[in-house]
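The next block holds one structure in the form of structure tokens; read it before the comments.
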Amino acid sequence: MIKFWEFRNESKFWERVLEEFEGMKNSNIGISGGSAGRVVEHIYDSMAAENNWFLIDERKVPKDHKDSNFGQLKGMNNELNILSPWHDSKYQEKLPEELDLVVMGVGSDGHFASLFDAPDLQKDDNKIVDTHTEKHVFGDRVSLSSKYLLKARRIVIVLIGNSKKGVLNNIKSNSGDSPITYFLRQYKGRVDVFYLR
């Protein structure tokens, strides 16, 4: 089941997104970079410190690189207890069987978690997969596989700005063959889509 939330007011938008984290403690949370990652700016320090955070995708750059998802998230909230699939050698063994919550954004082309096309979505033998795209700078990336992400108990999708209106409409109509629509057709859990105009 997918529930849609649309906002024009940014503070009300983040206030409602944060309600998804109420009561979470010692939970396993997956998060992507980009606009979805901005949620860590708004969570309480206790939410950041008391949960286990797993970066669901990363560019193959050093942690301190300006385009590192890990570096960006830690820069927004230093209390964040987060592991990166590219930087942490114990990442895979610390992954739980399933994540309690996944917070992710979607690119205007429909990609999510550095999964850019149907072949990426089929690389399901491992929990972690290497991906590549020519469409973006730093095209070499690492991501959690779609098969693993499909096990998550809940998914929150964060869409910000007019450039994401088309993505929102595609998700609502369940149309097209973009990675996100393909993924959501297979997902059986609860999905909340938050859109800030």
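Rounded to two decimal places and with Rh computed the Kirkwood way over Cα pairs, what is Rg over Rh for the range 145-197? With Rg and the Kirkwood Rh in hand, the quotient comes to 0.96. In the chain, a dipole from Cβ-located charges (positive for Lys and Arg, negative for Asp and Glu) runs towards its positive end, and of S146, L196, A36 it is L196 whose Cα lies farthest in that direction. Multiplying the residue separation of R16 and M1 by 0.36 nm and subtracting their alpha-carbon distance yields 3.6 nm.
Cα-based radius of gyration for the range 23-122, normalised by 2.2 N^0.38 Å, reads 1.04. The Rg/Rh ratio of the range 91-197, with both radii computed over alpha carbons and Rh defined as the Kirkwood radius, is 0.94. Put simply, when 167-176, 64-73 are sorted by average Cβ atoms within 10 angstrom per residue, most first, you get 64-73, 167-176. Dipole orientation for the range 1-67: of the candidates N52, M24, H65, H65 has the Cα lying most toward the positive pole (charges on Cβ; Lys, Arg +1; Asp, Glu -1). Ordered by solvent-accessible area of protein heavy atoms (1.4 Å probe), largest first, the residues D57, D45 come out as D45, D57.
The listed residues S146, S11, S89, once ranked by accessible area (1.4 Å probe) with the largest placed first, stand as S89, S11, S146. Placing +1 on the Cβ of every Lys and Arg and -1 on the Cβ of every Asp and Glu, with nothing else charged, gives the range 71-160 a dipole about its Cα centre of roughly 220 debye.
Accessible surface area normalised per residue over the range 51-189 is 46 Å², counting heavy atoms of protein chains with a 1.4 Å rolling probe.
Note on K164: aspartates and glutamates with a C-alpha under 14 Å away, same-chain residues under 8 apart excluded, are E6, D109.
In the chain, with Lys and Arg counted as +1 and Asp and Glu as -1 at Cβ, which of these residues, S89, I157, I128, has the Cα nearest the positive end of the dipole, that is, farthest along it? It is I157. If you sort W5, W86, W53 by accessible surface, 1.4 Å probe, largest first, the order is W86, W5, W53. Short to long, the 5 Å bins of the Cα pair-distance histogram for the range 38-89 hold 4, 24, 32, 24, 12, 4 percent of all pairs. Computed from backbone phi with θ = phi - 60° and the Karplus coefficients 6.51, -1.76 and 1.60, the 3J(HN,Hα) list for the range 36-46 is 5, x, 5, 4, 5, 5, 9, 6, 5, 4, 5 Hz; x is used for glycine and proline.
Beta-bridge orientation, the chain: approximately 25 percent antiparallel, per DSSP, counting only bridges with both partners inside. With 32 Å as the limit on Cα-Cα distance, the pairs of K12/K60; K25/K63; K25/K135; K147/K172 that go past it are K12/K60; K25/K135. Take the convex hull of the alpha carbons in the chain; its mean projected area over all directions comes to 10.0 nm². GNM remark for the chain: springs join alpha carbons under 10 Å apart, and the peak mean-square fluctuation among R16, R154, R59 falls on R16.
Tell me the carbon and sulfur percent of the accessible area for the chain, rounded to whole percent, probe radius 1.4 Å. C and S atoms contribute 45 percent here. Only the Cβ atoms of Lys and Arg (+1) and of Asp and Glu (-1) were treated as charged; on that basis the dipole of the chain about its Cα centre amounts to roughly 480 debye.
The values are calculated or read from the model by the stated rules, or taken from the named source; none is laboratory data. Predicted, not measured: the structure shown is a model, and the values here were computed from it. A quick note on method: Cβ atoms are made from the backbone with ideal geometry, for glycine too, and the neighbour counts reach across all protein chains shown. Accessible surface areas use protein heavy atoms only, side chains included; no ligands, DNA or RNA. Shrake-Rupley method; radii C 1.70, N 1.55, O 1.52, S 1.80 Å.
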